[in-house]
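A short write-up of the structure that comes next.
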Amino acid sequence: MPLVARWVAAAAFASLLIAPSFVLASESLQALIDATPRGGVLEPPAGHYVGSVKVSKPITIDGRGEVIVDGEGSGSVITVRGSGVTLRGLRIQGSGANHDSIDAGISVKGHRNVFEDNVIEDCLFGIDLGQSNENVIQRNQISSKPLGMGVKGDGIRLWYSRDNQIVHNDIRDVRDVVVWYSAANLIAHNRVTGGRYALHFMYSKKNLVEDNVYVGNMVGVFLMYSDGVELRRNQITQGEGATSMGVGFKESSDVLLENNTIMRCATGIYLDISPFEPDTHNRFVGNQIAYNSVGVLFHSDWHSNIFEGNDFNDNFTQVAVRGGGGATRHTWHGNRWADYRGFDRDEDGTGDKPYELYAYADRFWVDRPFAAFFRASPLFETIDMLDRLAPFMEPTLVVRDEEPRFELETDGSR
């Protein structure tokens with residue numbers, strides 16, 4: 001620690017020994033920050049510092065897990081307006097509750113900062129990056145204020161910010177994690193639970209999302225007008241609510257979903273006019289789409305998505321299309337379908353006949369979501385049986401996979 005910072009820290013520590021309380025005035029921490037030279041390391045004495053502070057020069061503040069910074073319900077707790085700042089090992093709490101001013105645990109406008117190993121709680125927004133590039137946010141624990149879901153703040157918010165790394169964070173009970181108008185960010189190894197959108201992209205291109213765990217959220221990942229995003233090896237499970245969704249698309253193109261697990265949501269994958277740009281594709285490769293009410297739901301009879309080598313395992317409905325159309329203008333190849341009725345007599349790993357999925361009369365709940373409550377009821381099952389025996393009208397071919405993957409389980413079942 002530089003000599004000046006050590007002197008100031010020693011003086012503050014001496015005042016603690018004679019003070020009747022371990023709650024320190026905001027001027028104490030701000031004075032320590034102001035006295036630390038550029039490039040210096042500040043290790044404040046253990047204690048509870050009240051009031052917001054501002055950091056506007058490249059220094060490291062290391063709380064070692066022993067320093068609480070409390071905003072006392074007003075504004076952002078720590079405001080960073082500069083580059084080269086490191087905040088480490090702090091417990092940050094008590095921001096204001098104003099959405100207009102984006103009251104946050106850490107409010108950032110700057111580049112190449114590091115925020116690591118902090119606990120941020122009772123803050124409306126966790127960490128807010130505005131027009132900030134090449135920052136690292138890692139190993140933080142973040143939660144919002146105990147408010148209703150719609151009025152909580154976002155755990156991490158990126159706004160016109162690029163080339164940031166959001167890794168190994170534990171985010172609970174926030175509204176969303178948002179990436180808006182922000183490109184080329186890495187979002188990896190995070191865990192998000194109990195939120196609305198675990199990750200929400202809007203007008204954000206070429207972001208990489210890998211190895212995250214999103215459990216118990218209303219929506220796992222939603223992409224709006226966001227092209228070139230790649231999602232790999234993420235676990236998106238146990239969607240919260242009757243309208244929960246694993247991954248949703250709105251007019252997004254050139255997206256890759258590879259080796260993800262999307263399980264136990266109302267809708268596994270939802271596509272609305274995606275891909276949007278001409279002569280583009282979205283690719284879904286090697287994903288496990290299992291135990292959802294609908295595995296893949298298309299908003300309309302669209303085209304140009306590619307599904308290869310995915311495992312469609314025991315979704316109530318594997319694929320559905322609103323508006324009564326089919327999904328045959330997409331590419332379906334080499335997927336495993338748990339409801340495939342066929343054999344592999346030559347044992348080449350491919351079914352002897354194509355997998356075909358038809359929509360019968362019982363599917364009217366697709367266009368009338370309120371009727372989904374009655375799925376699997378005796379009435380619906382009777383309608384389905386009668387329509388298959390003597391169709392009221394020609395059933396719609398929804399999916400045709402010419403070479404379905406055929407795999408036997410160890411007990412000989414499919």
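The values are calculated or read from the model by the stated rules, or taken from the named source; none is laboratory data. Predicted, not measured: the structure shown is a model, and the values here were computed from it. Ideal geometry is used to build each Cβ from the backbone, glycine not excepted, and the neighbour counts take in all protein chains shown.
Take the conditions part of a loop (DSSP other than H, G, I, E, B), surrounded by fewer than 24 Cβ atoms within 10 Å (Cβ to Cβ) and modelled with pLDDT of 95 or more and apply them to D154. Does it pass? So that I can check it myself, show each step before the final result.
Values: part of a loop (DSSP other than H, G, I, E, B): yes; surrounded by fewer than 24 Cβ atoms within 10 Å (Cβ to Cβ): no; modelled with pLDDT of 95 or more: yes.
Criteria not met by D154.
Residues of the range 1-45 that are modelled with pLDDT of 95 or more and assigned to a loop (DSSP other than H, G, I, E, B): T36, P37, R38, G39, G40, E43, P44, P45.
Given the structure, is K145 in the same structural domain as G73 (by TED's automatic domain parsing) and touching a Leu at 6+ places or on another chain (Cβ under 6 Å)? I'd like the intermediate steps shown before the answer.
Working: in the same structural domain as G73 (by TED's automatic domain parsing): yes; touching a Leu at 6+ places or on another chain (Cβ under 6 Å): yes.
Yes; evaluated as a whole, the condition is true for this residue.
State which residue is farthest from the chain's Cα centre (by Cα) when the search covers only the range 188-205 and only residues that are in contact (Cβ under 8 Å) with a residue 24 or more places away in the chain and over 25 Å from T243 (Cα atoms). In this case the residue turns out to be K205. Among residues of the range 111-131 being assigned to a loop (DSSP other than H, G, I, E, B) and in contact with a strand residue (DSSP E or B) (Cβ under 9 Å, 6 or more places away or on another chain), the one that is surrounded by the most Cβ atoms within 10 Å (Cβ to Cβ) is C123. The C-beta contact set for the range 334-349 (first residue in the same structural domain as V399 (by TED's automatic domain parsing) and at negative phi, second residue in a loop (DSSP other than H, G, I, E, B) and among the hydrophobic types (A, V, I, L, M, F, W, C), distance under 7 angstrom, 6+ apart or interchain) comprises D344/F406.
So, G228, is that one of a type in the set (G, A, S), part of a loop (DSSP other than H, G, I, E, B), surrounded by fewer than 21 Cβ atoms within 10 Å (Cβ to Cβ) and not assigned by TED's automatic domain parsing to the domain that holds D122 or not? Step through it out loud before you land on a result.
Values: of a type in the set (G, A, S): yes; part of a loop (DSSP other than H, G, I, E, B): yes; surrounded by fewer than 21 Cβ atoms within 10 Å (Cβ to Cβ): yes; not assigned by TED's automatic domain parsing to the domain that holds D122: yes.
In short, yes.
In the range 44-75, which residue that is polar (S, T, N, Q) and within 30 Å of the chain's Cα centre (by Cα) is surrounded by the fewest Cβ atoms within 10 Å (Cβ to Cβ)? Here the answer is S74.
Every condition in (1) of a type outside the set (D, E, K, R); (2) buried (at least 24 other Cβ atoms within 10 Å of the Cβ); (3) over 25 Å from A338 (Cα atoms) holds for V247 except the one numbered (3).
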